[in-house]
Amino acid sequence: MTNRQSIIGEFEQLVLLAILQLKEDAYGPNISEELETKAKRRVSRGALYSSLDRLQQKGLLRWKIEAASSARGGHPKRRFEVTRPGIAALREYRKALTSLWAGLEEVIG
Amino acid sequence: MTRPPAAAESLLRRVLGDDAAGRSVLGDLTEEYGRRKGENARAARRWYWREALAIAFHRTRDQFTRRPAIHVLLKEGRGDGMLRRVWSDLRFGSRTLWRTPGFTVVAAITLALGIGANTAIFSLVNGILLQPLPYDEADRLVGVWNTAPGLDIEQVTQSPALHFTYEDEGTVFEELGLWSQGTVAVTGLEQALQEDAIWVTDGLFRALRVQPVLGRRFTREDDTRDTPWTVILSYRYWRSQFGSDPDVIGRTLMANGIARQIVGVMSQDFRLLGDDPAVYLPMRWDRSEVFVGQFSYRSLGRLKPGVTLAQATAEMTRLLPIAVEKFPGGMTMELLEESRAAPVLTPLKTDVIGTVGNTLWILLGTASMVLLIACANVANLSLVRAEGRDREVAVRTAMGAARGRIASQFVTETVVLGLVGCALGLGLAYGGLQVLLAMAPTNLPRLEEIAISPMVLLFTVGVAVLASLAVSLLPVFRYGHFNLVSALKEGGRGASGSHQRNRIRNALVVAQVALAIVLLIGSGLMIRSFQALMAVEPGFRDPESVLTLRVSIPSAVVEDVGEMALTHEMIAQRIGDIPGVASVGLTTSITMDGAAGFDPIYVEEFPLSEGQLPAVRTFKWIAEGYFGTMGNPIVAGREITWADLHERAAVVMITENLALEYWDSPAEAVGKRIGTGLEPGNWNTVIGVVGDVRDAGVTEDAATVVYWPMIGPNPWRELSDDPLWAQRTMAYAIRSDRTGTAGFLDEIRQAIWSVNSNLPLAGVRTVEDILDRSTARTSFTLVMLAVATAVALLLGMVGVYGVISYVVTQRTREIGVRIALGAQTGTVMKMVLQHGLILAGTGVTVGLLAAFGLTRLMSSLLYGVNPVDAVTYITVAAGTTVVVLIASYLPARKAAGVDPLEALRAE
């Protein structure tokens, strides 16, 4: 699938990968932490939620609302999942990267 | 449970909304805030705030960047209903306009004429009258003047003594400045030239809050005696004479034979109240030499914040006696009391704008009348067009379209038309403005600030929308009372309500004729004023063949005044020797050039009684040949000759009106003695009387002028020890048939430089140029009004023609029947012409009444003609009636030529 919607940015790719890594625990704060520890990317919540919304609009991820708890001031929880088009977009991205990387081992090491 | 900072949380609620996704973000932040608070409460609060602001920022940005364009929303059927309706109306309107290109083009051009005229004039009004002056906090700047009702002096410039008193003792001004204009002889550059200069006190630039682009402003030190001489260049002069040299600061400029250090260059757009001289020089007053007198300097000040004009005037009035005490030698306490002298403060903007406001508002009024006429025309056109669309409207109504919906569609359509007119009008205005600026009188202030600014654009769009709304009112009103059944039944050729429609149409034509009458009378009065101006005898003849220029002999070039006077004489002779030169004369001020002086005179035969003040007269200094060259006759006695100058004779000449003020005839004045100075005693004998001159301008009364010899005994011995009073800068008047021809000026230059090659000359122009300047405002107003009137008349004619021929078309059948029944061609024509005549009569009557009221407003622009001038009113009324009849004649002829058979068959 190569329509315009599947073109994703680098940061969006990191977000999608973090969600996949977190599996059942893909909540906002965890994604932020995952990005910070594994990808060494500190991002503001504003930028993160903005990206999440954008990915949802592109159909690359979806979320499920879970019940509220008192520790959250009575607010619900949102768990994120990557959709099939999301996974396809990641594959597309990897394919592009791999083909561009091919043969460059000597140059880049 | 720990709640995050309330304000930050409420901000988040606002930007995130109340849906589950939004609240989940709040939840995420609250949860983490709780955790962080356990570690460090303050850091947690800071963190929460930071994240909240970041989210708010991203949300807002996303809303702007990701909102789909309006047309996408509409296509998808989203967006709110109102928007969608307007969009579809716009598309529908544009399409209908596109389908009737004839109507669209005519209507758009008509509107463009009206809108363009208003835009062009409004950019003048905006640039000159409405915009603040181009100085920081310009509303606190005031012009400082004086009044002396006891001496019949309404408003006079400032005295240095008063200026220094206000500067030293006053508390109401932040800064005060004094300045005066003149010329300096600049030598040492490529060519010796007489350049415009302005002398200023050091406070002037501080008061205006302007900084040079290079170097610095004048300091108190620059403005003091016995310090090094300095000069500041204007940007223009820096560019033309120094090639924009960035290292110009510190170089020297020879001005009036003195080497002055260049300390600054003013910015490109800086003007001192519209003036852009070559150089600014410090005044360097010696305070021990000033006295309350010398009222010949312009002054301005910056009031401290919160100080009103009244408060400032009150304080300055209190300081007047202090000035008299502090700077003795001029005005005494008694004179101060008698003259009832007092300071006058005017907003600086008033000083700059002068009296041009009235002219501009009248022109804007004129332009708005043209727009009204244009609107009436377009309204008439759209009425006709609307009638042709009865069926379409009927069908749409029958299919359930609401009346409001149909009305809004008509309005949108006209607004589209208006906006097209607006775009065309802006183009017209832009072109018109270039023409206008090119022909505008040079004494129109702030010309360099006039442009089509955002404010002007806003005005134009506003005018366009208003005009379209006004135009669309009629069709909308019509469909408010629309009779669906009859419209459908009659197949779109409804006769129902046609009487009412004709009434509206007739009313529109009457309004157009009336407005055109008002404009015509305005133009007519201006033409009459101009005729009156041209008939005035200004005190010279054939101004086009008199060339004038100024030659200055600075003391650095020729020091001795006797030798200086001989140099002028020699130059006059050399110029006189040039082939084609009829005569040459010298004076310090050519008629109307504004360079004359003003001082009091004493008349020996009529000593002043106790407490009586001497009258102030216009002073000029002359040499042989001036009156003959200007063409001003010598009424009695003889003129001042070179021989008088050689003898340093105490002689004087006066104008006829001055002679008649004291004596019964000009001849009686000859031999009487007149003096000036601080007191009577320095007598000069009147040797001749010359014709009156309109020295203050054609529209002003003739001045009472005293002509002194260019060099003669010094009447102001109290002020200077020199036994002689001599003028170094003289204006040469040269009468020749060759004036304006190629090479003539070069020959004159050669003649001057053959006497002394270091002499600068300046201000080359003909007397006609000076005269044009004096009549510029009247001719400018005249041309503007004439153009507006021509457009109005043309539109008015088109309007009358349109209506009459429409009526003829409507009545073709009736006319056919009449002709079939034996009506004569003449009778039919008469019937149609009569309709036109009734419209014309009504319009002319209404117009005359309106003009009667409105032309009073322009009385300040008129000269030698009454605002209710019978000749103008009658001519215009008769002329307009003829024009309307001509406009009705064509349709009338068509009516007379109707073939009854065809007319009936066509039914």
Exactly one condition in (1) of a type in the set (Ser, Thr, Tyr); (2) in contact (Cβ under 8 Å) with a residue 24 or more places away in the chain; (3) not in a loop (DSSP other than H, G, I, E, B) is not met by residue B:827; state its number.
-> (2)
Mind counting the residues in region B:729-743 that are of a type outside the set (S, T, N, Q) and at pLDDT below 90?
-> 3
Listed residues B:129, B:133; which is buried (at least 16 other Cβ atoms within 10 Å of the Cβ), in a loop (DSSP other than H, G, I, E, B), touching a Leu at 6+ places or on another chain (Cβ under 7 Å) and at pLDDT 85 or above?
-> B:133
Those residues of region A:14-24 which are more than 21 Å from residue B:16 (Cβ to Cβ) and either within 13 Å of chain B (Cβ to nearest Cβ) or modelled with pLDDT of 90 or more (or both), in sequence order | A:14, A:16, A:17, A:18, A:20, A:21, A:22
Top-ranked residue of region B:540-562 - restricted to ones that are at pLDDT below 90 and of a type in the set (Val, Ile, Thr), ranked as nearest to residue B:733 (Cα to Cα) = B:551
Out of region B:228-286, which residues are closer than 26 Å to residue B:209 by Cβ, at pLDDT 90 or above, of a type in the set (Lys, Arg) and part of a loop (DSSP other than H, G, I, E, B)?
-> B:284
If only one of B:849, B:901 is among the aliphatic types (A, V, I, L, M) and closer than 30 Å to residue B:355 by Cβ, which one is it?
-> B:849
Just wondering, is there one or more residues in region A:32-45 that are at pLDDT below 90 and closer than 16 Å to residue B:22 by Cα?
-> yes
Taking region A:32-71, which residues are free of Cβ contacts under 8 Å to residues at least 12 places away in the same chain, outside any loop (DSSP other than H, G, I, E, B) and more than 12 Å from every other protein chain (Cβ to nearest Cβ)?
-> A:36, A:37
Could we say that residue B:382 is surrounded by 19 or more Cβ atoms within 10 Å (Cβ to Cβ) and of a type in the set (Gly, Ala, Ser) here?
-> yes
Report, by residue number, each residue of region B:600-625 that is at pLDDT below 90 and of a type in the set (Asp, Glu).
-> B:610
Restricted to region B:737-790 and to residues being hydroxyl-bearing (Ser, Thr, Tyr) and in a loop (DSSP other than H, G, I, E, B), the residue farthest from residue B:529 (Cα to Cα) is B:757
Say whether the condition of being buried (at least 22 other Cβ atoms within 10 Å of the Cβ), of a type outside the set (Val, Ile, Thr) and modelled with pLDDT under 75 is met by at least one residue in region B:399-420.
-> no
Considering only region B:842-894, state which residues are among the basic types (Lys, Arg) and surrounded by fewer than 17 Cβ atoms within 10 Å (Cβ to Cβ).
-> B:856, B:893
Quick one: residue B:855 ticks every box in (1) in contact (Cβ under 8 Å) with a residue 24 or more places away in the chain; (2) out of contact with any Pro (no Cβ under 8 Å at 6 or more places or on another chain) except a single one, so which number is it?
-> (2)
Looking at this structure, is residue B:284 closer than 30 Å to residue B:328 by Cα, under 35 Å from the mean Cα position of the chain (by Cα) and surrounded by fewer than 21 Cβ atoms within 10 Å (Cβ to Cβ)?
-> yes
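Would you confirm, using the coordinates I've provided, whether residue A:79 is within 14 Å of chain B (Cβ to nearest Cβ), outside any helix (DSSP H, G or I) and under 23 Å from residue B:31 (Cβ atoms)?
Here the answer is yes, as residue A:79 does meet what is asked.
Would you point out which residue out of B:550, B:528 is touching a Gly at 6+ places or on another chain (Cβ under 7 Å) and crowded, with 19+ Cβ neighbours inside 10 Å? Working first, answer last.
On the way: B:528 fails: touching a Gly at 6+ places or on another chain (Cβ under 7 Å).
None of the others qualify; the one that does is B:550.
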Do you know which of the residues in region B:38-48 that are more than 12 Å from chain A (Cβ to nearest Cβ) and crowded, with 16+ Cβ neighbours inside 10 Å is nearest to residue A:30 (Cα to Cα)?
-> B:44
Looking only at region B:652-689, and only at residues there that are over 19 Å from residue B:600 (Cβ atoms) and in contact with an Asp or Glu (Cβ under 7 Å, 6 or more places away or on another chain), the one that is surrounded by the most Cβ atoms within 10 Å (Cβ to Cβ) = B:689
Are there any pairs with C-beta distances below 7 angstrom linking a residue in region B:162-184 that is among the β-branched types (Val, Ile, Thr) to a residue that is in a helix (DSSP H, G or I), with the two at least 6 apart or on different chains, and if so which?
-> B:165/B:319; B:165/B:322; B:165/B:323; B:165/B:326; B:171/B:315; B:172/B:311; B:172/B:312; B:172/B:315
Of all residues in region B:583-599 being at pLDDT 85 or above and of a type outside the set (Val, Ile, Thr), the one that is farthest from the chain's Cα centre (by Cα) | B:583
Can you find a residue in region B:387-397 that is more than 21 Å from residue B:104 (Cβ to Cβ) and of a type in the set (A, V, I, L, M)?
-> yes
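Report whether or not residue B:139 is assigned to a helix (DSSP H, G or I), free of Cβ contacts under 8 Å to residues at least 40 places away in the same chain and surrounded by fewer than 16 Cβ atoms within 10 Å (Cβ to Cβ).
No: the conditions fail for residue B:139.
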Read through the list (1) at pLDDT below 80; (2) under 41 Å from the mean Cα position of the chain (by Cα); (3) surrounded by fewer than 16 Cβ atoms within 10 Å (Cβ to Cβ), then give the number of the only condition that residue B:493 fails.
-> (2)
Among the residues of region B:5-37 satisfying the criterion of being within 10 Å of chain A (Cβ to nearest Cβ) and acidic (Asp, Glu), which is surrounded by the fewest Cβ atoms within 10 Å (Cβ to Cβ)?
-> B:19
Could you check, for region B:517-537, whether at least one of its residues is farther than 30 Å from residue B:853 by Cα, part of a helix (DSSP H, G or I), in contact (Cβ under 8 Å) with a residue 40 or more places away in the chain and not aromatic (Phe, Trp, Tyr)?
-> no
Of A:74, A:103, A:28, A:9, which residue is free of Cβ contacts under 8 Å to residues at least 24 places away in the same chain, small (Gly, Ala, Ser) and within 14 Å of chain B (Cβ to nearest Cβ)?
-> A:74
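The values are calculated or read from the model by the stated rules, or taken from the named source; none is laboratory data. It should be emphasised that the depicted structure is a prediction, and the values quoted were computed from it without experimental measurement. For neighbour counting, all protein chains shown are included, and Cβ atoms are generated from backbone atoms with ideal geometry for every residue, glycine included.
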